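Here the structure is laid out as structure tokens; the discussion comes afterwards.
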Amino acid sequence: MTAVLLHAWRHPRAAGAEGRCIGRTDLAVDPRRARRLAHQIRAHARRHGLPHIVVTSPLQRCRAVGQRLARWGWQHRIDPALAELDFGSWDGCAWAAVPRAAFDAWCADFADHPPGGGEPVAALLRRVQGFDPGDARLVVTHGGWLSAALWLRDGAGAPPDSAHWPPAPAHGRRIALVLPTGAR
């Protein structure tokens, strides 16, 4: 089985996200932040001789970075597999408005309980495992997706639990992931 090194960035900070449960809520990013991250990705690709192909989540906080790179002649692909966790009815709400009992129920059955009736973490893990970047080596995605990728990379096959779930990387941060290609 061969493996491929994937460079995955978390999108820039989205406008209006502070204190809110943001999964599939499609918030915009400041164009300057999108351009700044696009410059970082372009410089990284140049330093490492990577193809000028970027794959992003369809949500605009990721897509804006890919669109900026496309203006510079890059190939930009959109893949729904890179989308953030779907928080169902919690999505877009203030975290403080999520009933404590509902949050506790999710934490008690972290892998399989759908938060807000949305997508269980186990489904997110399957999306991450099944992601195929094709010939791309650069992606822009979300904190939850990256946490799931880190869990798969570092979790030693243990079932996910809320107490040990990796924190989301900082906005604009790059994570290096090794993906097995024989499993696809």
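The values are calculated or read from the model by the stated rules, or taken from the named source; none is laboratory data. Remember, it's a predicted structure, so these values are computed and weren't measured experimentally. Note that each Cβ is placed from the backbone with ideal geometry, even for glycine, and that neighbours are counted across all protein chains shown. To get the accessible areas, we keep the full protein, side chains included, count just its heavy atoms, and leave off ligands, DNA and RNA. Shrake-Rupley method; radii C 1.70, N 1.55, O 1.52, S 1.80 Å.
Among 142, 164, 39, the largest mean-square fluctuation in a Gaussian network model of the chain, built with springs joining Cα atoms closer than 10 Å, belongs to 164.
With each label modelled as a point 7 angstrom along the Cα→C-beta vector, the residue 152-residue 13 pair spans 2.9 nm. Taking 42, 126 and ordering them by how much accessible surface each has at a 1.4 Å probe, largest first, produces 126, 42. How far is helix 60-71 tilted, in degrees, relative to the longest principal axis of the Cα atoms in the chain, given as a value from 0 to 90 rounded to the nearest 10? Its long axis makes an angle of about 0 degrees. Each Cα pair under 8 Å and six or more residues apart adds its separation to the average, and for the chain the resulting relative contact order is 35 percent. With viscosity set to 0.890 mPa s and temperature to 25 °C, compute the Stokes-Einstein D of region 1-47, Rh being the Kirkwood radius across alpha carbon pairs; µm²/s, no decimals. D = 190 µm²/s. When the chain is treated as a GNM with alpha-carbon contacts under 10 Å, the residue of 82, 150, 50 showing the greatest mean-square fluctuation is 50. GNM on the chain, alpha-carbon springs under 10 angstrom: the most fluctuating residue among 98, 29, 121 is 98.
Database remark: amide H of residue 162 closer than 5 angstrom to the amide H of 110 (H placed geometrically; neighbours at sequence offset of 5 or more, or on other chains; Pro and chain starts carry no H). One Cα centroid belongs to region 108-161, the other to region 3-68; the line between them spans 18 Å. As a rough guide to protection, the peptides 152-160, 129-137 ranked by mean Cβ packing within 10 Å, highest first, stand as 129-137, 152-160. In order along region 5-19, phi translates into HN-Hα couplings of 8, 10, 9, 10, 9, 7, 4, x, 4, 8, 5, x, 8, 3, x Hz, rounded to whole numbers, per the Karplus curve 6.51 cos²θ - 1.76 cosθ + 1.60 with θ = phi - 60° and x for Gly and Pro. Extension gain for the segment residue 97 to residue 132, taken as residue separation times 0.36 nm less the Cα-Cα distance, is 9.0 nm to one decimal. Take the Cα of residue 162, step 7 Å toward its Cβ, do the same at residue 104, and the gap between the two points is 1.0 nm.
Eigenvalues of the Cα gyration tensor times 5, then square-rooted: what semi-axes does that give for the chain, in whole angstrom, largest first? Don't skip to the end; give the middle numbers.
Working: eigenvalues 151, 84, 29 Å².
They are 28, 21, 12 Å, listed from largest to smallest.
Suppose R0 equals 35 Å. What FRET efficiency, 1/(1 + (r/R0)^6) with r the Cβ-Cβ distance, do residue 112 and residue 40 give to the nearest 0.05? Calculated transfer efficiency: 0.45.
Angle check, please: helix 143-154 long axis (alpha carbons) against the longest principal axis of the chain (alpha carbons), in degrees 0 to 90, nearest 10. Taking Cα atoms only, the helix is inclined about 90 degrees.
Here the Karplus relation 6.51 cos²θ - 1.76 cosθ + 1.60, evaluated at θ = phi - 60°, turns the backbone of region 130-140 into coupling constants of x, 5, 10, x, x, 8, 7, 10, 10, 9, 10 Hz, with x for every Gly and Pro. Scanning residues 5 or more positions from residue 140 or on other chains, those with amide H under 5 Å from its amide H are 9, 55, 56, 57, with H placed 1.01 Å from N in the peptide plane.
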